[in-house]
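Okay, structure first, notes after.
The values are calculated or read from the model by the stated rules, or taken from the named source; none is laboratory data. Since the structure is predicted, the reported quantities are computational estimates derived from the model, not experimental observations. Here Cβ is always computed from backbone atoms with ideal geometry, including for glycine, and neighbour counts include all displayed protein chains. Only protein heavy atoms, including side chains, enter the accessible area calculation; ligands, DNA and RNA are left aside. Shrake-Rupley method; radii C 1.70, N 1.55, O 1.52, S 1.80 Å.
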Amino acid sequence: MKPNPLRFGYGTNGFTHHRLSDVLAILADLGYDGVALTLDHNHLDPYADDLSRRVTALARALDRHHLTVTVETGAPYFLDPWHKHRPTLMSDGSGLRVDLLRRALRIAADLGSPTVHLCSGPAPDGLPEPDVWKRLATGVETVLETAERYGVALAFEPEPYMFVDSVERCLRLAELVGGHELFGVTLDIGHAHCVEERPLLDCVRLAAPLLRNVQIEDMRRGVHQHLELGTGEIDFPPVLAELGALGHRGLVSVEIQGGALDAPEVARRSIEFLRTAS
């Protein structure tokens, strides 16, 4: 059996100085298969008064450019201008996060995105870990009720220095929500290299049964800085081969936020690197 051909996307959080319409045109011209759309103040604000019109126009643009999409909710200061990724599903004010995720699920359904990405954020100060897990699981279960309505999966990402920072902890959360069929994993290759104790290919295999999305960038061990592909420590051909062999069907999306000032060329170099490495 031949490995599954991978489909490559690029994150809009790496194009913060571009109009969204221009981002789509550039990615299509470069030959990307899709786009990882971060909901934010710039490209698509889920609280905009004319949201319905914007989503309809975006759906048409995606179709015109033959791009698939996955919806992401990782904009760090979207809900709180002072504190990154807050409030979380574990916060006393978790209702704001729940509302954002519900809006994201509705947008994803309208755009044809099979998933909505989310992460845990930091644990509340002073709260015992069992209570943090309980709050997080309860919040995810609440959001899953909306996911069921729209038929869109949650793709939970382990992220460095957050409460859920490893694939193993993400799988524990999956157990706490009863192995819900719409709960999956977003695996960030750079993040796994940065903080996981197990080898990178083992992380890919561990996540595989629940894998919905992959984010990809280079990184150095213990340093959470998104680097261009080929400029860090990761050996990418074996990783891409493993994803293909496992039959991954979601996007493999480049996430290099720091490249926004040179976004078109970073995107060009990235797709050329991935084609050569896969």
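One table, with the values for the structure above:
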item	result
Which listed residue is open to solvent by 10 Å² or more (accessible area, probe 1.4 Å), in contact with a helix residue (DSSP H, G or I) (Cβ under 7 Å, 6 or more places away or on another chain), modelled with pLDDT of 95 or more and assigned to a loop (DSSP other than H, G, I, E, B), from 122, 87	87
Answer from 214, 177, 195, 223 - the residue that is among the hydrophobic types (A, V, I, L, M, F, W, C) and within 14 Å of the chain's Cα centre (by Cα)	214
Leading residue by the ranking (surrounded by the fewest Cβ atoms within 10 Å (Cβ to Cβ)) among those in region 17-57 that are assigned to a helix (DSSP H, G or I) and under 18 Å from the mean Cα position of the chain (by Cα)	20
Exclusive hit being within 17 Å of residue 36 (Cα to Cα) and of a type in the set (A, V, I, L, M), set 89, 144, 62, 127	62
Unmet criterion (only one of (1) part of a helix (DSSP H, G or I); (2) of a type outside the set (Ser, Thr, Tyr); (3) open to solvent by 60 Å² or more (accessible area, probe 1.4 Å); (4) under 18 Å from residue 116 (Cα atoms)) for residue 60	(4)
Residue in region 147-168 that is aromatic (Phe, Trp, Tyr), within 21 Å of residue 255 (Cβ to Cβ) and without any contact (Cβ under 8 Å) to a residue 40 or more places away in the chain present	yes
Residue in region 144-160 that is aromatic (Phe, Trp, Tyr), open to solvent by 30 Å² or more (accessible area, probe 1.4 Å) and part of a loop (DSSP other than H, G, I, E, B) present	no
Qualifying residue in region 39-55 (condition: more than 25 Å from residue 184 (Cβ to Cβ), of a type in the set (A, V, I, L, M, F, W, C) and at pLDDT 95 or above)	yes
Residue that is most open to solvent (accessible area, probe 1.4 Å) [pool: residues in region 256-278 that are touching a residue at least 40 places away in the same chain (Cβ under 8 Å) and hydroxyl-bearing (Ser, Thr, Tyr)]	278
Subset tally (residues that are closer than 20 Å to residue 160 by Cβ, open to solvent by 10 Å² or more (accessible area, probe 1.4 Å) and part of a loop (DSSP other than H, G, I, E, B)) for region 210-255	10
Flag if residue 101 is farther than 26 Å from residue 271 by Cβ, at pLDDT 95 or above and within 15 Å of the chain's Cα centre (by Cα)	yes
Of all residues making up region 63-91, the number that are closer than 26 Å to residue 249 by Cα and within 18 Å of the chain's Cα centre (by Cα)	9
Residue among 113, 166, 94, 120 that alone is over 19 Å from the mean Cα position of the chain (by Cα) and of a type in the set (S, T, N, Q)	94
Enumeration of residues in region 171-209 that are in contact (Cβ under 8 Å) with a residue 40 or more places away in the chain, open to solvent by less than 10 Å² (accessible area, probe 1.4 Å) and assigned to a helix (DSSP H, G or I)	173, 189, 190, 204, 207
